[in-house]
1. Given the condition over 21 Å from LEU168 (Cα atoms) and either among the charged types (D, E, K, R) or surrounded by 15 or more Cβ atoms within 10 Å (Cβ to Cβ) (or both), answer yes or no: does some residue in segment 326-334 qualify?
2. Within segment 411-428, restricting attention to residues that are without any contact (Cβ under 8 Å) to a residue 60 or more places away in the chain and of a type outside the set (A, V, I, L, M, F, W, C), which residue is nearest to ILE446 (Cα to Cα)?
3. Is it true that some residue in segment 418-441 is over 30 Å from HIS189 (Cα atoms) and aromatic (Phe, Trp, Tyr)?
4. Report, by residue number, each residue of segment 252-294 that is under 23 Å from the mean Cα position of the chain (by Cα) and assigned to a loop (DSSP other than H, G, I, E, B).
5. For residues that are in contact (Cβ under 8 Å) with a residue 60 or more places away in the chain and surrounded by fewer than 22 Cβ atoms within 10 Å (Cβ to Cβ), scanning just segment 440-453, find the one that is farthest from the chain's Cα centre (by Cα).
Amino acid sequence: MRTCGEPPRCRRSGLGPTSSRRNRNPCPRRLSPPPKPPEPSNPLAPTWEEATASGRALPLSEAIALAFQRQPRLRAHLESIEQARGLKGIAQSLFYPTLSTNYSVGGFNLNVGGEPFRLPTPGGASPIPGFTVIPPGFALPVGLNLNTGYELAELKLQWLVLDFGKRLGTYEAARIGIDIAQLQIDRAHQTVASEVAVAYYNVLRTLALRYSARESVRRAEDERDVARKLARGGVIEREKVLRAEVQLAESQRLLDAAEEAVGVADAALNLAIGLKPGECIRAMEPADVPEFRLCLQACLETAISRRREFQVARRSVEVAQEGNRVASASFAPRVVAEGALLDLQQSAPRGHADVALAFIRLEWTMFEGGRRVAALRVADSRVREAMAQAESIADTIAFQVNENYRRMVTARLGIDRARPAVEQARENYRLVKARAVEGDATPSEITDAETALTRAEQNHLNSTYDYLSAIAKLEYVMGVSPSPLNEVQPGP
């Protein structure tokens, strides 16, 4: 059985080996972690501060590693793990008893009056002093007048013994939330790595286009100077000199646009890395243009196993299921163990009262107006919603892989078609220049040849950096972009 990564099958997609000798090295899948910053102990290795202050050229891998340290968005994402751990601690605390204390100082005034209620005394015994009854059944003697201060100290211990899985569901949802936060942070690192790679290649693209524009201006200036000399000698007409001037102005306009693009690209790279104003790095030209040897089926299989969104969607379904468990447990009773210790100190007349209570209470809410039923319906709906979102994520990822794979194939074919066009345009320009020396070529032919050469060079450069950017984007949608955890397969 043929594997998807074999070259014969991938050649049908237009990714076979090219005629260029420097393009025969296979493209690494970049599954290794990003390189660490240079160790400060090495005196020959500059630090990141020295590199950014001096504008030293950094390879793409080091630029990505620098972004992992400097990008503020990543620091914001890292806080989500701390928040998820805090929620887990809150959920875990529900399993432990709570101990609280209360202390109060004050006074009270008790004055009992009214018609006394006397009980009959059998056999002529001495009468019982009259008293009155205060609901719910306390008996106080009539004529009692107390006005005193007091101190009350209270110590209370409460423990929820049994709630039929409600706390456990909350705890499991919080624990899964930590896994989700970790997966999201890892994906955030991959997002930053992809943005840095695209911005890095865009800087190289603009630099190359600026060089091409400068060469075009140089050629246009040479042609203008030659046209002026020939016009002064009466060999050509003045309108041909004007045509050369127009061509030079157009080339200079393209050079101005290229200068602008270089500045914008540098700023975009600094933003992607997280550099501050005054800090900068220079992009380093890659040694070769790598080949991407995986076919579409292999890319889809890799995305299934490596995309963090799949794992997040699965965990989200589990969280929704735990929420359903919590909603179901709300119908069950609660068993609570509780104890209290009261110490009352009375000032006048001097007295005290110590009370100790301990009991187990069963709490069962029989009816809440349909609140729990509605909560259970909401929990069931969230489970179905999470499952539908997981299916939608799978479809979206499949589309992203297809889209970026097709773009990468198109960019690869563009390189193969643009390379001979550059050679042909360069040879055509040389022949026209040779004819011009002998007087057989007109200035318009020279201008057309120069324009064709510039356009061919720019098409080749755009195709090359479109291909490099397409590989970075395809690796991102496959989930194999550099990240601190990209060597670890996400757990089920």
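1. There is no residue in segment 326-334 that is over 21 Å from LEU168 (Cα atoms) and either among the charged types (D, E, K, R) or surrounded by 15 or more Cβ atoms within 10 Å (Cβ to Cβ) (or both).
2. ASN428
3. Quick first cut of segment 418-441, residues over 30 Å from HIS189 (Cα atoms) only: 418-441.
Applying the additional criterion that residues be aromatic (Phe, Trp, Tyr) yields 429.
So far as segment 418-441 goes, yes, one or more of its residues are over 30 Å from HIS189 (Cα atoms) and aromatic (Phe, Trp, Tyr).
4. Hits for segment 252-294 are GLY274, LEU275, LYS276.
5. Among residues in segment 440-453 that are in contact (Cβ under 8 Å) with a residue 60 or more places away in the chain and surrounded by fewer than 22 Cβ atoms within 10 Å (Cβ to Cβ), the one farthest from the chain's Cα centre (by Cα) is THR442.
Read the figures in this text as sums done on the coordinates, not as results from a lab. Computed from a prediction, not measured in an experiment: that's the story for all the values here. Backbone-built Cβ (ideal geometry, glycine too); neighbour counts: all protein chains shown.
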